[in-house]
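Each remark here refers to the structure printed beneath this line.
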Amino acid sequence: MIVSGTVRGCSINADGCRQIFRFSRKGDFFGLSDIDRWHFTAEAADHVIVKSIPCATFERELSENCALQSELRTYFRDLLKTRDRQLLTLVSTNATDRLYQFLREFAASRPNGGHVTLPMCRRDIADHLGLTPETVSRAFGNLRRKGLIELLTPEKYRISDPAGQGASPP
């Protein structure tokens, strides 16, 4: 379980290409699986503190705690919903819209309503959205020019159009 920080969940194919499928944050679990060996890679995107929970302890607590069962069911349902939305976005939107949706969702997951600091670099975002770093940089410029985001620094932004009125739908 992530106590603080951001973890990149990714897969690296035989050609060495990395696909980031998730940025996990405080309170998220990673590495949960019904197999003995987790076949993805987890990388720290910033300063990360994790709490390791032995499988036996987790299984025992899960079998005895109905509230934990319900919480975990909700967690996995939300995770699958996010994964489905991400897959649809990857196949049905242009680069600028992909980035905008990612930035909106990332900002919504952060507590403050002001500027949001990205713990990941442009290359990480590109690997997550199935784009090149250059395309991500151009998409940031497009969003800024359209007035949908304000860039304070390359890694600090604010959504200018919180209702999402200015972007095309995913």
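Structure summary
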read-out	value
Top of TYR100, TYR75, TYR157 by mean-square fluctuation, Gaussian network on the chain, Cα under 10 Å	TYR75
Partner aspartates and glutamates for LYS51 [C-alpha distance under 20 Å; skip if fewer than 8 residues away on the same chain]	ASP28, ASP34, ASP36, GLU43, GLU59, GLU61, GLU71
Average Cα contact separation per residue, the chain, under 8 Å, 6 or more apart, as relative contact order %	20
(1) 34, 34, 29; (2) 83, 28, 28; (3) 53, 39, 31, with the label sought being that of the calculated Cα extents along the principal axes in Å	(3)
Gain upon complete extension [ALA14, ASP78; 0.36 nm per residue less C-alpha separation]	20.0 nm
Rounded to whole Hz, the Karplus (6.51, -1.76, 1.60) HN-Hα couplings of segment 118-135, x for glycine and proline	7, x, 10, 8, 4, 5, 4, 4, 4, 5, 6, 9, x, 10, 8, x, 5, 5
Solvent-accessible area per residue, Å², over the chain with all protein chains present [probe radius 1.4 Å]	61
Residues ARG144 and ASP28, FRET efficiency given R0 of 35 Å [Cβ-Cβ distance, rounded to 0.05]	0.75
Label-point separation in nm, SER92 to ALA44, each point 7 Å along Cα→Cβ	3.8
The chain: most fluctuating residue of GLU105, GLU59, GLU134 per GNM, C-alpha cutoff 10 Å	GLU59
Accessible surface of the chain, 1.4 Å probe, proportion on carbon and sulfur as whole %	54
About the Cα centre, charge dipole magnitude for the chain (Lys/Arg +1, Asp/Glu -1 at Cβ), debye	580
THR132-THR57 pseudo-label distance in nm [points 7 Å out on the Cα-to-Cβ vector]	4.7
Choice from LYS26, LYS146, LYS81 showing the highest fluctuation, given a GNM over the chain with Cα pairs closer than 10 Å	LYS81
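The values are calculated or read from the model by the stated rules, or taken from the named source; none is laboratory data. Worth saying up front: this structure is predicted, and the values here are computed from it rather than measured. Because the Cβ atoms are built from the backbone with ideal geometry, glycine has one as well, and the counts that use them run over all protein chains shown. Just so you know, the surface numbers come from the protein's heavy atoms only, side chains and all, with ligands and any DNA or RNA stripped out. Shrake-Rupley method; radii C 1.70, N 1.55, O 1.52, S 1.80 Å.
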